[in-house]
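One structure is given below, encoded as structure tokens.
The values are calculated or read from the model by the stated rules, or taken from the named source; none is laboratory data. Values in this document were obtained by computation on a predicted structure and should not be read as measured data. Note that each Cβ is placed from the backbone with ideal geometry, even for glycine, and that neighbours are counted across all protein chains shown.
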Amino acid sequence: MNPSRPCLAFNFRERDGFCQLIHIEKSSLVPSDGYQAYVQFLCLTDYPRIEHAEESFVSWTGKHPSPPGGEVKFSCKHPRGFKDGLKEHHATCSSVVADTWRTTFIEGEKDLCPKPHKPVYPECRLTEMGKEYIGTLDVTETGKQCLRWDSPNVKMFYSTVAEGFDRYMFFEEHFLNQDPSSHENFCRNPTLKNMPWCFVEIDGLKWEYCSIPFCDDLTAPECKKTQKGAEYVGAQNKGISGSTCLAWLRHEGVIPEEMFALRGQAFPDTLTDEHNYCRNPTGKPGGPWCKVPDPTGTGMTPMGKEYRGTLRRTENGKKCQLWSIISRKDADKEDLLDFLYSYHPYHERNEVPRDLQESILKIVANQERNYCRNPARAERPWCFVSITPSLSWGYCDIPFCHRPKEPVECRLTNEGLDYAGIKNVDSDGRKCLPWLSRAHDKRFAFMDLMTFPDEIVDSSHDYCRNPDADSAGPWCFNEEGTGEGWGRCTVPFCSQLYERFAVEGKPAEGYPECLQTAMGKEYVGTTRKTKTGKPCLRWDSQPYGKPDDFVQNIPYEAHFRFGNSTLHHDFCRNPTLRHQPWCFVEDAGIEWEFCHIGFCPNYPNKTECRWTKEGEEYAGTLNKSLELPCEQWQDAALLERHWHRFPEGVRSENHNFCRNPDGRETGPYCFVGESLFENCDIPFCPFHYLY
């Protein structure tokens with residue numbers, strides 16, 4: 001026996017006083033017949049650990065063995081603490097079971113304490129006061145959950161609980177971008193306290209500081225993080241015109257409604273006599289701005305709004321109502337207008353000119369049918385859900401698309417409100433001007449920012465857009481002239497852009513480069529060789545006149561989708577009722593040949609989407625309009641006039657599926673009886689081939 005080794009456990013036999021010493025370096029019971037075991041209640045086994053957590057020891061030094069009751073205390077230095085919400089965790093050496101640790105956590109649980117990371121703005125502060133902080137920490141330094149800034153209790157009692165709110169300012173005006181709701185329950189400094197803080201519930205409304213770390217790099221970023229950019233604390237001090245900004249504390253030219261902005265609460269940094277940096281204390285929609293010597297040259301510096309799908313229910317399952325209900329006389333528009341004006345400076349919201357009110361309501365009323373959209377700068381797409389007893393709306397659950405590396409340079413609709421590309425020259429090659437440089441032009445006002453598909457519009461944004469929903473599509477102001485100096489932009493439809501890609505050797509696999517029916521009248525692909533390899537001739541060349549199987553009393557062009565043979569180039573098509581797609585060839589002996597095009601992978605099922613804006617090629621099986629079941633097409637007088645434009649031989653294959661034989665701009669529709677037709681809900685096909 002080695003006397004230098006501790007006696008942690010032994011067995012004793014009472015009848016003869018014989019002992020057994022246990023030499024296994026464990027404080028544990030080892031059974032033996034006729035013996036009674038004795039142990040010291042120590043913990044020789046190493047204590048459980050929490051990855052990334054800091055440790056401290058209570059009632060022992062941390063050296064083994066741990067005495068019973070020895071404790072390890074764990075704390076998490078990540079700004080959000082432990083992910084289960086506890087401020088601390090513990091491991092304690094048991095005084096009941098030998099060599100056993102009792103813990104407040106599950107051993108081996110991953111990410112209980114997230115790995116601390118070097119804070120990067122906006123998840124850290126650049127200044128001591130931290131008014132510029134717009135991160136997402138929502139607990140105080142003592143671990144209490146913050147309350148929402150727009151909660152009724154806060155808005156009612158804020159000035160009696162927390163000092164620093166200016167009595168000459170509205171509550172909303174203390175917040176960056178003048179929108180407390182956008183700050184949710186995150187730590188902020190809307191007053192002039194020492195650092196960010198928030199309201200908490202502790203036997204009533206109270207406030208506490210938050211522990212916001214300083215950024216490793218305290219250099220202010222020369223960019224804005226939000227559309228209005230009120231958090232910007234950079235050093236830009238020139239307007240778009242190039243004029244140097246005047247110091248903010250010079251009152252010349254400051255209108256009375258903006259005098260509140262010269263109080264420190266409205267700025268993200270401290271005002272000095274020399275401070276002339278671009279800021280946005282009034283929450284202007286265009287972003288940071290400043291006063292310049294020339295009063296005519298006031299300048300400004302540098303949200304799923306592009307969604308054009310057909311979802312018609314909110315995230316709570318409520319059915320969307322038609323956008324046009326806002327035009328009804330019994331619609332209470334006050335709350336809606338407050339919602340729509342939320343992007344305006346606060347002092348402007350109560351005195352919106354009547355013509356501006358009407359323009360904004362017109363934009364809303366003209367949204368498509370009852371599809372989820374975002375005509376305002378709301379968080380995400382939404383729709384109306386009821387008009388009585390009051391007008392109400394709800395958000396829609398629209399998932400994010402796979403983001404292309406570059407914006408898709410095409411549009412889905414005539415107006416092109418969905419276009420979010422980067423073309424910045426008009427159709428004549430003239431360079432577009434930044435939109436915010438013409439913010440006061442009579443054709444473009446700040447209200448039109450609502451229609452931009454971009455999440456952010458800054459002073460460099462000069463891309464073609466359609467802020468006034470012009471039916472001819474995107475346009476821009478150009479560098480030539482003033483006043484009416486603008487030009488239209490050439491933005492192709494996505495189906496047209498795909499044709500270019502395919503002709504260049506990048507055709508899609510599957511639809512639209514395949515047949516959904518044997519006859520293939522619906523085919524919109526880009527095959528342009530016959531089954532024997534002969535190149536196709538252009539349809540608009542009409543090399544052999546009008547073939548015999550073209551209806552003689554119907555114009556040649558009317559046999560083609562969209563009523564225009566030019567749009568079909570030299571691609572294989574079936575404008576008549578031949579067995580499959582074909583084309584003209586340069587051989588007067590045969591004149592034309594069939595093309596070899598395979599069936600789609602899901603044949604005989606159909607593709608339930610439209611490839612073009614009109615959807616004239618749609619050959620799917622939807623047989624219900626937005627409200628009513630569809631009737632048979634043979635019962636509609638329209639059939640005899642347009643049977644040749646259906647994507648199938650409809651006179652012999654009568655059906656009641658949604659179609660668009662006369663190329664209506666509104667897309668596929670169907671006959672619902674009594675000479676009435678209604679639109680159908682056919683979504684666009686995904687253009688992921690263009691990414």
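Selection of the range 319-338 for residues being at pLDDT below 75 and within 26 Å of the chain's Cα centre (by Cα) yields Asp335, Leu336, Leu337, Asp338.
Test Lys606 against the stated conditions and say whether it is among the charged types (D, E, K, R), over 29 Å from Gly545 (Cα atoms) and at pLDDT below 90.
In short, no.
Scanning the range 502-518 for residues that are over 19 Å from Phe594 (Cα atoms) and either among the charged types (D, E, K, R) or in contact with a Phe, Trp or Tyr (Cβ under 7 Å, 6 or more places away or on another chain) (or both) returns Glu504, Lys506, Ala508, Glu509.
The set of residues in the range 500-545 that are part of a helix (DSSP H, G or I) and among the hydroxyl-bearing types (Ser, Thr, Tyr) contains only Ser541. For the range 432-449, the count of residues that are outside the structural domain of Val364 (by TED's automatic domain parsing), surrounded by fewer than 18 Cβ atoms within 10 Å (Cβ to Cβ), at pLDDT 85 or above and assigned to a loop (DSSP other than H, G, I, E, B) is zero. Reported count of residues in the range 143-161, each being in a loop (DSSP other than H, G, I, E, B), under 23 Å from Gly283 (Cα atoms) and among the small types (Gly, Ala, Ser), is 1. Within the range 204-237, if we keep just the residues that are acidic (Asp, Glu) and modelled with pLDDT of 90 or more, the residue that is farthest from Trp149 (Cα to Cα) turns out to be Glu231. Applying the set (1) of a type outside the set (Gly, Ala, Ser); (2) surrounded by 14 or more Cβ atoms within 10 Å (Cβ to Cβ); (3) not in a loop (DSSP other than H, G, I, E, B) to Pro114 leaves exactly one unmet item: (3). Residue count for the range 75-88 under the criterion of being surrounded by 15 or more Cβ atoms within 10 Å (Cβ to Cβ) and in a strand (DSSP E or B): the result is 1. Just give me the residues in the range 26-74 being modelled with pLDDT under 85, assigned to a strand (DSSP E or B) and of a type in the set (Ser, Thr, Tyr), in sequence order. The one that is modelled with pLDDT under 85, assigned to a strand (DSSP E or B) and of a type in the set (Ser, Thr, Tyr): Tyr38.
Over 41 Å from the mean Cα position of the chain (by Cα), under 30 Å from Cys536 (Cβ atoms) and assigned to a loop (DSSP other than H, G, I, E, B): does that describe Arg651? So Arg651 fits the description; yes. Restricting attention to the range 632-691, the residues being on the phi > 0 side of the Ramachandran plot and among the β-branched types (Val, Ile, Thr) number 0.
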